[in-house]
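Participant: I'd like to ask you about the structure that follows.
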Amino acid sequence: MRIRLNDTNWKKLKKLIRERDDELKDLYEEILDIPFPQGETEVHHVLPRGEGGDDVSENLITLDTWIHRSRFHVTMGHAEPGWAAVARKYLESEAVKEWTLRHGEELEKIYATAKRSRMKRTRKQCVPKKPAWQPF
């Protein structure tokens, strides 16, 4: 089952992710080897939603808008494998795990209202419905 958040909780989670990455910005810059985002940022799914990625802190990272679109999504919207591996390395670091433990209650409140969806739901969006007039 995949976790999908409603708009309100998605905004809360994005705010927490931005706070996490801001708090750990030295580690962020060291592992990702990119400057910490200033100004406009986007929250990136390391494993994209279309490929089964969940709306959970362990799959999200803050990125500068330009870096997000020019380095992380260069092939038709799919995640660039090399950058995804670097982002996973950051998300699997001890500091990020400790942060997640400290904010566990906040995260659980957000996830408690999550809609759990199945792949079937996404499939309906991809495959056009057969027109009623079509005999077969």
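Participant: How many of the residues making up the stretch 8-22 are modelled with pLDDT under 95 and within 16 Å of E92 (Cα to Cα)?
Facilitator: Residues meeting the conditions: 0.
Participant: Right, E105: part of a helix (DSSP H, G or I), modelled with pLDDT of 80 or more and either over 23 Å from D26 (Cβ atoms) or β-branched (V, I, T) (or both) or not?
Facilitator: Working: part of a helix (DSSP H, G or I): yes; modelled with pLDDT of 80 or more: yes; either over 23 Å from D26 (Cβ atoms) or β-branched (V, I, T) (or both): yes.
In short, yes.
Participant: Inside the stretch 5-101, counting only helices (runs of 4 or more DSSP H) that do not spill past its ends, which hold 3 or more residues that are closer than 23 Å to Y111 by Cβ? Reasoning before the result, please.
Facilitator: Values: elements: 7-23, 25-32, 81-91.
Ranges flagged: 7-23, 81-91.
Participant: Quick test of your reading of the structure: T75 fulfils all but one of (1) over 23 Å from E30 (Cβ atoms); (2) hydroxyl-bearing (S, T, Y); (3) modelled with pLDDT of 70 or more. Name the failing condition by number.
Facilitator: (3)
Participant: Can you find, within the stretch 58-112, the residue that is surrounded by the most Cβ atoms within 10 Å (Cβ to Cβ) among those that are under 15 Å from the mean Cα position of the chain (by Cα) and small (G, A, S)?
Facilitator: So, considering only residues that are under 15 Å from the mean Cα position of the chain (by Cα) and small (G, A, S), the one surrounded by the most Cβ atoms within 10 Å (Cβ to Cβ) is A87.
The values are calculated or read from the model by the stated rules, or taken from the named source; none is laboratory data. None of the values given here were measured: they were computed from a predicted structure. Positions of Cβ are backbone-derived with ideal geometry, glycine not excepted, and every protein chain shown enters the neighbour counts.
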